[in-house]
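Each value in this text was obtained by applying a stated rule to the coordinates, not by laboratory testing. From a predicted model like this one, the values you see are computed outputs, not experimental measurements. No Cβ is skipped: glycine too gets one built from the backbone with ideal geometry, and neighbour counts run over all protein chains shown.
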Amino acid sequence: MKNIIMDATAIERALKRIAHEIIEKHASVPIYLIGIRTGGVFLAKRLSEYIRSYGQIPVLNGTLDITLYRDDVAMRTGRAIVKATEIKFPVGESYIVLVDDVLFTGRTIRAAMDAVIDLGRPQVIQLAVLIDRGHRELPIKADYIGKNVPTSADDQIKVVLRESGSSDDAVYLIRKGDL
Amino acid sequence: MVPGKGIIGLKYLSRKEIEQIIETAFSMRDVSRRSVKKVPTLRGKTVVNLFFEASTRTKTSFEIAAKRLSADVVNFSYTSSSISKGETTIDTAKNIEAMHPAVFIIRHSSSGVMELLSRHLKTPIISAGDGTNEHPTQGMLDIMTIMDEKKRIDDLKIVIAGDIYHSRVARSDIYGMTKLGARVYFFSPPTLITDDFATLGASITYDAKDAFTDADVIIMLRIQLERQATGLFPSTREYSRIFGLNAQRLKLARPDVIVMHPGPVNRGLELSSSVADDADHSRILKQVENGVSIRMSAIYHTIGEEHGYTDN
Amino acid sequence: MDILIINGLLIDPAQDMEQTDALLIEGDTIQGIIDQKDYTIKGDRALVNSHPDRVFMIIDASGKWVVPGLMDMHTHLRDPGYEYKEDIVTGTRAAMTGGFTSVCAMPNTRPVNDNKSVTRYMISKANDCGYTNLYPIASITKALEGSELSEIYDLVDEGAVAVSDDGMPVSSAGLFRKALLYVKPLGIPVIDHPEELLLSKSGYMNEGIVSVRLGLNGIPQTAESVAVARDILIAGETNSRLHIAHISTRYSIELVRWAKKRGIPVTCEVTPHHFSLNDEAVEGYNTNAKVNPPLRSESDRQAVLEAIADGTVDCIVTDHAPHSYDEKEIEFDKALNGISGLETSLGLSLKLFHDKIISRKRLVQMMSSRPYEILNIKDKGSLKTGADADITIIDPGEKWTVDKNMFVSKGRNTPFHGMELKGRAVMTILGGKIHGSART
């Protein structure tokens with residue numbers, strides 16, 4: 001069975017808090033929010049709306065597909081389509097916040113940083129995630145965290161959002177034994 | 001796709017597979033257009049260009065594609081090979097396979113050689129053209145160029161003109177384009193086509209007006225000059241006058257027609273210089289750019305296919 | 001050995017006979033049919049009233065056909081010169097396994113059979129083996145080069161039964177006409193490989209829908225039919241005997257039909273692959289289906305079947321053309337032409353009977369009596385009293401699956417591997433000697 005660990009209200013509250021923290025910490029404008037496909041894209045959009053409404057500061061959105069930067073291509077199933085990376089602003093000297101739904105091993109973020117750096121030399125890269133579930137395999141930590149969730153390595157975290165067609169937002173923790 | 005065997009012909013690919021390769025190719029093109037034109041995807045993999053038939057352009061396009069994916073590329077061409085020593089094609093390929101390449105890019109003058117080698121090799125093969133059979137990456141880059149310009153391909157009037165009989169480009173084009181719903185017309189001297197080509201799903205015409213009127217896309221094929229010597233057409237002058245594309249004929253087509261050519265162009269023969277250089281309509285250099293993207297995508301899809309993997 | 005074959009269905013087109021009876025063989029000669037009251041069975045031996053001093057070995061052919069020994073008048077045994085593909089030992093043994101008691105060997109050996117020492121070598125080697133009779137076909141032109149006639153009288157004296165440049169058409173109409181004139185007093189046919197090279201030379205398979213799909217240059221049907229027309233007209237003008245090999249197109253057949261109606265001395269043959277398969281067999285670049293003339297369209301195949309049924313076709317031949325693995329497992333355009341056909345021919349031909357296209361008698365005629373007639377070979381191809389005791393016993397109903405790995409021939413190049421066939425030879429008798437065929 002699935003345990004709801006965050007409902008829609010909790011997710012909204014967490015994202016609003018992160019938006020405030022980004023406004024407080026931001027070093028320069030505009031703020032560039034880059035969502036990592038696929039889970040981070042919708043979260044980045046929501047965050048940018050909150051930041052605009054609270055901070056009255058310019059926010060630009062981008063989307064990053066990190067398929068080509070993964071270190072596990074030989075293990076991939078099928079042949080994942082490489083979706084477009086849409087970053088319409090110059091990355092050089094910019095203040096970038098990468099946005100993802102779940103932080104786990106850190107490999108996705110490593111790939112995302114490589115991908116961003118290949119586009120230019122940002123001044124700062126920060127990381128915002130909705131869930132940090134631990135079990136890092138690389139020296140990576142998030143600057144903004146919606147919720148820390150202790151898990152075992154076999155567990156799954158599932159983030160469902162309205163934008164991808166579900167009736168409501170929620171984060172589930174699925175224990176291995178529950179499957 | 002032929003399981004584990006790469007991409008050896010559009011006749012074997014489904015509509016969905018072709019669309020997936022093209023969608024990925026657009027993302028690959030973004031990589032080519034930025035300042036760091038390289039992604040680490042295929043680090044540590046070896047791509048072998050095995051060319052039994054000379055072709056600098058296609059080989060270069062594949063080489064650039066592989067390098068942009070961070071693969072190591074080894075070029076092997078027939079002039080430096082042991083073919084002159086009487087080794088069979090199968091033995092040559094198996095010898096190189098023993099060195100663990102991740103994928104073979106093969107060009108060969110014999111139709112069907114990809115099917116033959118697929119039976120003998122475990123390494124996947126991407127065809128860079130076999131005889132008069134298929135040239136699948138050219139077919140897909142042509143489709144990509146059309147999709148890029150027209151945002152669709154179904155129901156477009158696409159004219160393929162020239163030496164259809166001996167063209168692997170024409171075959172890959174029609175296999176791919178008909179799967180995607182295009183209306184394809186073959187325009188050719190009757191000596192360079194047979195009626196049976198209609199069974200591939202094309203309408204055949206010998207009349208320039210018929211062919212070019214209301215065309216959305218015109219693909220001019222390269223005429224091999226040696227065909228004249230075998231009596232397939234009397235002179236380049238007459239070929240150009242009756243079967244070539246010039247500015248005047250281009251007016252028959254739709255105002256937004258695009259003109260493509262697999263290259264190299266025989267200027268003044270199948271294509272007049274004014275059309276080849278007409279920036280409003282000519283998409284020949286766009287095809288070259290898209291060629292690298294399609295080949296990046298083809299290599300990517302061919303190599304990254306083993307084992308299971310799940311996110312999160 | 002003296003033999004009495006009992007209970008078999010005796011089929012002899014030469015006598016227009018089809019009856020279940022006993023056939024008596026004494027030594028190397030057929031002694032005719034005898035009635036049940038004229039012999040008594042003692043264990044596995046028979047006593048025959050007319051021959052009280054002899055004991056006959058009994059062969060019980062219940063449910064089987066007993067027919068005059070089958071004759072394949074078009075094979076390539078590759079010996080001398082290409083023994084890695086086939087030799088006379090394996091070739092004639094494969095023929096025997098396929099139910100043949102005689103084969104004709106084409107002259108495209110190395111050296112070419114354009115001189116009597118090659119002819120003599122072939123015959124004596126086959127006789128030493130004793131599996132089948134071998135009748136060499138000598139070349140029309142020296143070294144098959146199409147420029148000078150071979151010493152044809154010399155070759156016929158030595159045992160050649162016909163001349164042909166099979167595989168290499170005589171391109172010069174003038175020389176072909178001279179060949180037909182030159183052989184006239186000998187009464188032998190000139191066997192024509194009808195192919196206009198100017199039309200065929202750049203092709204690798206039949207021109208049609210399949211060649212378009214596979215991107216292989218095609219050979220138009222006219223490459224054959226144009227040559228058939230030319231050679232029929234020359235045969236008509238010279239009134240000399242022409243035998244057209246491996247006919248495969250609708251127009252070729254119509255031309256032969258026309259020629260026969262006009263009284264031109266023309267005969268023709270078809271192969272099992274041309275009446276069993278069409279060009280779709282080449283799909284997947286199957287080099288085992290690469291053959292010359294190429295497998296044709298379904299419409300041509302149907303025309304061949306009609307011609308078999310209406311008698312336009314005189315005989316069935318294998319055009320057995322064994323090749324090594326490396327000559328076939330190669331690029332399609334580089335692969336050699338040919339099918340190893342001796343061991344599948346009868347099974348494929350019996351399908352014509354099972355499908356009710358032809359009668360049993362007509363089948364035996366096309367595979368035995370008619371080819372002997374065409375080649376003027378006496379005392380064979382019949383069960384008449386006094387004929388040579390060359391017999392094939394066929395089980396028409398036995399189902400079997402073609403397995404190229406079980407071939408006796410060195411040539412494993414068959415497009416029929418895995419096909420289920422009905423009927424096969426279970427025994428051949430050659431000159432009164434029993435060859436318990438390998439398959440019983």
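Summary table
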quantity	calculated
In order through the range B:231-245: 3J(HN,Hα) via Karplus (6.51 cos²θ - 1.76 cosθ + 1.60), integer Hz, x for Gly, Pro	x, 7, 8, x, 7, 5, 4, 5, 4, 4, 5, 8, 10, x, 10
The range C:195-323, Cα convex hull volume normalised per residue, Å³	96
Those lysines that a straight Cα-Cα span of less than 23 Å connects to residue A:2, excepting residues fewer than 8 apart in one chain	A:147, A:158, A:176
Summed side-chain charge close to residue A:20 - residues other than residue A:20 whose Cβ falls under 15 Å, Lys, Arg +1, Asp, Glu -1	+1
Cα lying deepest toward the dipole's positive end in the range B:12-58, options B:22, B:52, B:36, charges on Cβ	B:36
Test item: B:294-302 mean partner chain Cβ contacts at 10 Å	2
Table column - 3J(HN,Hα) (Hz), the range A:39-46, Karplus curve with 6.51, -1.76, 1.60, x for Gly and Pro	x, x, 5, 6, 5, 5, 5, 5
Partner chain coverage, peptide B:165-171 - average Cβ within 10 angstrom	2
Dmax and Rg, reported as Rg then Dmax, of the range B:107-221 (C-alpha, Å)	14.7, 49
Candidate lysines - alpha carbon under 18 Å from residue C:422, same-chain residues fewer than 8 apart omitted	C:64, C:351, C:356, C:361, C:399, C:404
Peptides C:34-43, C:383-392, B:25-34 ordered by average Cβ neighbours within 10 Å, highest first	C:383-392, B:25-34, C:34-43
A:28, C:340 arranged by Cβ crowding within 10 Å, fewest neighbours leading	A:28, C:340
Exposure proxy order (Cβ contacts within 10 Å, fewest to most) of C:251, C:84	C:84, C:251
Range of Cα positions in chain B per principal axis (Å), largest first	54, 51, 35
Cβ-based net charge around residue C:223, under 15 Å, with every Lys or Arg adding one and every Asp or Glu removing one	-4
Fewest-first sequence of A:59, C:156 by Cβ atoms within 10 Å of each Cβ	C:156, A:59
Evaluated over the range B:8-50, the Cα radius of gyration and Dmax, each in Å	13.5, 36
Cut-off under 5 Å, modelled amide H: who pairs with residue B:7 long-range	B:125, B:126, B:127
Length gained when the stretch residue B:37-residue B:154 is fully extended (0.36 nm per residue, less Cα-Cα span)	38.9 nm
Angle between chain B longest axis and helix B:136-150 axis [Cα atoms, degrees, rounded to 10]	60
Between helix B:284-303 and chain B: long-axis angle, C-alpha atoms, 0 to 90°, nearest 10	30
At 0.890 mPa s and 25 °C, Stokes D of the protein assembly as shown from Kirkwood alpha-carbon radius, µm² per second	75
Candidate lysines - alpha carbon under 28 Å from residue B:150, same-chain residues fewer than 8 apart omitted	A:83, A:88, B:11, B:16, B:37, B:179, B:209, B:251, B:286
Inter-label distance for residue C:400 and residue C:15, nm, one decimal - labels placed 7 Å from Cα along Cα-to-Cβ	2.8
Debye log10 I(q)/I(0) at q = 0.22 Å⁻¹ for the range C:304-357, Cα point scatterers	-0.86
Highest to lowest packing among B:40-47, C:164-171, C:15-22, B:294-301, scored as the average C-beta count within 10 Å	B:294-301, C:164-171, B:40-47, C:15-22
Once the Cα gyration tensor of the range C:68-374 is diagonalised, semi-axes √(5λ) in Å	25, 23, 21
Around residue C:414: net Lys/Arg minus Asp/Glu count, Cβ-Cβ under 11 Å	+1
Bridge type composition, the protein assembly as shown - antiparallel percent by DSSP, nearest 5	35
Packing-based ranking, highest mean first, of B:278-286, A:126-134, C:86-94 given that Cβ atoms within 10 Å are counted	C:86-94, A:126-134, B:278-286
Pairwise FRET efficiency - residue B:72 versus residue A:166, Cβ, R0 = 56 Å, nearest 0.05	0.80
Calculated from backbone phi, Karplus (6.51, -1.76, 1.60) coupling profile of the range A:54-62 in Hz, x at Gly/Pro	7, x, 6, 10, x, 10, 10, 10, x
Cα coordinate range in the range B:23-103, projected on the principal axes (Å, largest first)	45, 25, 21
Spin-label pair residue C:57/residue B:242, simplified geometry with 7 Å Cα→Cβ offset, distance in nm	7.3
Descending Cα extents along the principal axes, the range A:74-179, whole Å	46, 33, 29
The range B:136-284: Cα Rg divided by the 2.2 N^0.38 Å rule of thumb	0.94
Relative contact order (%) - criterion: Cα under 8 Å, at least six apart; region: the range C:119-180	33
